Amino acid sequence: MPLNTYLHCTGNAEEMLEFYRSALGGTVEISRYQDAPKDARPEGVDGWDDKVMYGRLDAPNGTTLSAMDAPPGRQPHAIGDNFSLAYVAANEVQARDAFERLSLGAAIYMPMAPTFFSECFGMLQDRYKIQWMVMVEATMPGAA
């Protein structure tokens with residue numbers, strides 16, 4: 001399963017993805033906060049309906065770059081902590097196993113649980129201060 005880079009932006013995710021698309025080629029897909037069910041939206045996104053909840057650039061060489069506009073309470077503090085590694089597992093057992101192993105000495109931001117976009121999703125910062133998102137293949141809300 002792939003290991004992808006996931007950028008956490010402060011309101012300019014769409015602009016960044018389009019810039020990288022113009023440089024690398026490929027296609028961009030975007031789901032906005034307005035595409036998520038109201039009760040599933042993270043705190044702090046009121047007024048962010050048009051911001052990017054999940055965006056993805058699929059470059060011609062098979063590279064995937066994902067990005068989101070992080071809610072104000074989760075925005076990066078400095079360049080360098082504005083990304084996560086996103087591990088996409090083949091199934092829930094594999095996702096939970098990877099999350100458990102990465103959790104040793106970690107700060108858990110979101111325990112593994114079903115979400116409206118994935119049957120199993122969790123977020124943590126590992127003992128080396130690297131942010132991770134572990135999931136079963138996600139389906140983007142609003143995507144055709």
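The numbers here are math on the coordinates, done by the rules we state, and not lab data. What you see is a predicted model; the values in this text were computed from it and never measured. Here the Cβ positions follow ideal geometry from the backbone for every residue, glycine too, while neighbour counts run over all protein chains shown.
Residue separation of Val93 and Asp126 scaled by 0.36 nm, minus their Cα-Cα distance, works out to 9.9 nm of gained length. For Cys120, nonlocal amide neighbours, meaning residues 5 or more places apart or on other chains whose placed amide H falls under 5 Å from its own, are Thr115, Val136. Modelled this way, with points 7 Å down the Cα-to-C-beta line, the labels at Ser22 and Leu85 are 3.2 nm from one another. Ordering Gly11, Ser31, Ile108 by Cα displacement along the dipole of the chain toward the positive end leaves Ile108 in first place; charges were set at the Cβ atoms of Lys, Arg (+1) and Asp, Glu (-1).
Quick one: work out the % antiparallel among DSSP beta bridges in the chain, nearest 5. Antiparallel bridges make up about 70 percent of those DSSP assigns within the chain.
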